[in-house]
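Structure first, then comments.
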Amino acid sequence: MPLRRLPDNIVNQIAAGEVVERPASAVKELVENAIDAGATRIDVVMRDGGRSLITVTDNGSGMSAEELELCFERHATSKLPDDDLVFIQNLGFRGEAIPSIASVSRMTITARQEGDDTAWKMSVEGGRKHAPEPGSGQKGTRVEVRDIFFATPARLKFLKTERSEFGAALDVVRRLAMAFPGISFSLSDENRAALRVTGSEGDLFDAWLDRLGAIMGREFADNAIRIEAEREGVKLAGFAGVPTFNRGNAMMQFMFVNGRPVRDKLFTGAVRGAYMDLLARNRHPLLALFLELPADQVDVNVHPAKAEVRFRDSGGVRGLIVGSLRHALAEHGHRASSTISGQALGAFRPQNTPLPIQSATRPAASWGRWNDSPTSPPSYGLAEAAAEFQAPFTTQNPPSARGSDESPQQQEKVRALEQYPLGAARSQLHETYIVAQTTNGLVLVDQHAAHERLVMERMKKQLSEKGVARQMLLLPEVVELDEVSANRVVERAEELAEMGLVLEPFGVGAIVVRETPAMLGECNIKGLVQDLADDLGELDTALSLKDRLDDVCATMACHGSVRAGRRLSIDEMNALLREMEVTPHSGQCNHGRPTYVELQLGDIEKLFGRR
């Protein structure tokens, strides 16, 4: 077959296959055009998930009749004034979107420029153009896309359900709405509005946080940390959630480069690295970061749909993201998610199932047994438990938060300690949980989880400054492992010695431990070495242990922390609380779980109907 030039309609359909994968792709291109046109309000309506109708209406600059006719031509654009594909300042610049969408649908555009007497309308059906004609409309542009992919039925068959296609478009508009908080956006399916946000003016960070709260949820706004950093002309801004406010997937992680929503592996890896020792591997933080850098430092032209970018200095960008996140998280010290206290209060609240009130003359033998069936204990909260005991308190000696046996000096000390963020230690429950009283509530601390984080942070600090102090064992301990695991640990003996653990081979499949990190005190040496051997089996052998410092320190800290089941004195508990308040990341343990729960007095009073 001889070489030939393809017809224009085929060329446009091929381009549409790259640019317009689904209705959401068309929505993305059209909304980006509206943003580039200076619109302050953009309204999107979809019918049947975009199959039968997509309309995008904006109040931007509009177009003249000549421009309207030209916009349906391939590679016709107003966004490259200097014909420079390096310094790209707009979201769209290829000039492919309109002709590509028009080649696979029935498309009508109505546009009006400010000061014009009338609007102009032009229609294209499957690539066949009609002449522009006068129309009606306000300043701006209205694009109607009907029967998308009717000209390419094969593509139509691959579309998903109406709900899935609408959800994909909603995700597109949400991302663009996050990037441009000064613009009002709406998306509806003719029956209801799935998204409606109003543009705001003033401080950019306040506008961002309001917009992120409206889209990602108010809980994100309540648990977000402000990010702001700059390095060598590259600026990073945005908000990141505290580690204890997390999800089981990364769907709530957003990155924007020069205002463009992107999905980038570099960003995903950088976020994982920044939260490495703060979250379990199967948990993901919530965050939205906005990166600004000179146009010649990023290539936005590497993907037909402009969903990916390439950085000239990818290492520098990754370092900026990791460093900024870690610095911001460390600055917030022991802060934990506000949702944790809500979950705790929810566990205390009464359930809907009514319970019988037992008589005050209930036989003592039946106390502690809720009903005659030993296999069906009820599920209910604190209020119902209180209802089990009907004997009233006497007014002569009412219960008090401060024990009557405390001296005035002790009570004054408690009042002073209550002023600290984590309050004054008052008791210990089940030799595991510390109960502390603050000026306006109480704090419940998991002593093992909290001390585990403290030990880890101390170890990291010592290692970065002067090396970890070691203690020699009076009797060296021999640990038996399988031969492969033992060899794996011995190969890293020199690096482990820098972290305070001195060991050497002791025959086949055995290791002798002679020194341990001093801060671990008495620890389960056998368990520590076995866990390290397992960790080393999972780590990349090409990386040094310093490169995986957080993983190794977390394993050691777990074996050297105050264990659950150990009774602590009041002074020991208060010392733990004070150290938590000045230690970075102490709001969560090394596995990402919260170390404490704070309950406000007002919320506790609501549980008992006192307000």
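The protection proxy used here, the mean number of other Cβ atoms lying within 10 Å of each residue, ranks peptides 488-501, 442-455 as follows, highest first: 442-455, 488-501.
Phi angles of region 104-117 translate, via the Karplus equation with coefficients 6.51, -1.76, 1.60 and θ = phi - 60°, into HN-Hα couplings of 10, 8, 9, 10, 10, 10, 10, 9, 8, 8, 5, x, 6, 6 Hz per residue; Gly and Pro are given as x. The fewest-to-most ranking of Ser105, Ser164 by surrounding Cβ atoms within 10 Å reads Ser164, Ser105.
If R0 is taken as 30 Å, the Cβ-Cβ distance between Leu601 and Arg566 corresponds to a FRET efficiency of 0.55.
Note on Met252, Met456: ascending count of other Cβ atoms within 10 Å places them as Met252, Met456, the fewest first. The string of couplings for region 146-163 from the Karplus curve (6.51, -1.76, 1.60, θ = phi - 60°) is 10, 6, 4, 6, 5, 7, 10, x, 4, 5, 4, 5, 8, 5, 8, 5, 4, 5 Hz, one whole number per residue in order, with x for Gly and Pro.
Computed extension gain for Lys129 through Glu495, at 0.36 nm per residue and net of the alpha carbon distance, reaches 124.6 nm. Legend: calculated FRET efficiency, Met472 to Asp313, from the Cβ-Cβ distance at R0 = 45 Å, rounded to 0.05, equals 0.45.
The H on the amide N of Ile227, modeled in the peptide plane, is under 5 Å from the matching H of Gly238, Phe239, Ala240, each at least 5 residues off or on a different chain. Scoring 261-270, 26-35, 51-60, 228-237 by mean Cβ neighbours within 10 Å over their residues and listing the highest first yields 26-35, 51-60, 261-270, 228-237.
Among Arg211, Arg312, Arg578, Arg326, the order by Cβ neighbours within 10 angstrom, fewest to most, reads Arg312, Arg578, Arg326, Arg211. Remark on Val502: its backbone amide H falls under 5 Å from those of Arg514, Glu515, Thr516, a criterion applied only to residues 5 or more positions apart or on other chains, H modelled at 1.01 Å from N. Scanning residues 5 or more positions from Ala510 or on other chains, those with amide H under 5 Å from its amide H are Leu481, with H placed 1.01 Å from N in the peptide plane. Converting phi to 3J(HN,Hα) with the Karplus coefficients 6.51, -1.76 and 1.60 and the offset θ = phi - 60°, region 209-217 yields 5, 4, 5, 5, x, 5, 9, 8, x Hz in sequence order, with x at every glycine or proline. Computing FRET efficiency as 1/(1 + (r/R0)^6) for Leu156 and Val484, where r is the C-beta to C-beta distance and R0 is 56 Å, gives about 0.50. Straight-line cross-link partners of Lys265 among the lysines, defined as a Cα under 20 Å from its Cα and at least 8 positions apart when in the same chain: Lys235, Lys306.
Where a number appears in this text, it was derived from the coordinates with a stated rule and is not lab data. Since the model is a prediction, treat every value here as computed from it, not as a measurement. Neighbour counts are summed over all protein chains in view; Cβ atoms, including those assigned to glycine, are modelled from backbone coordinates with ideal geometry.
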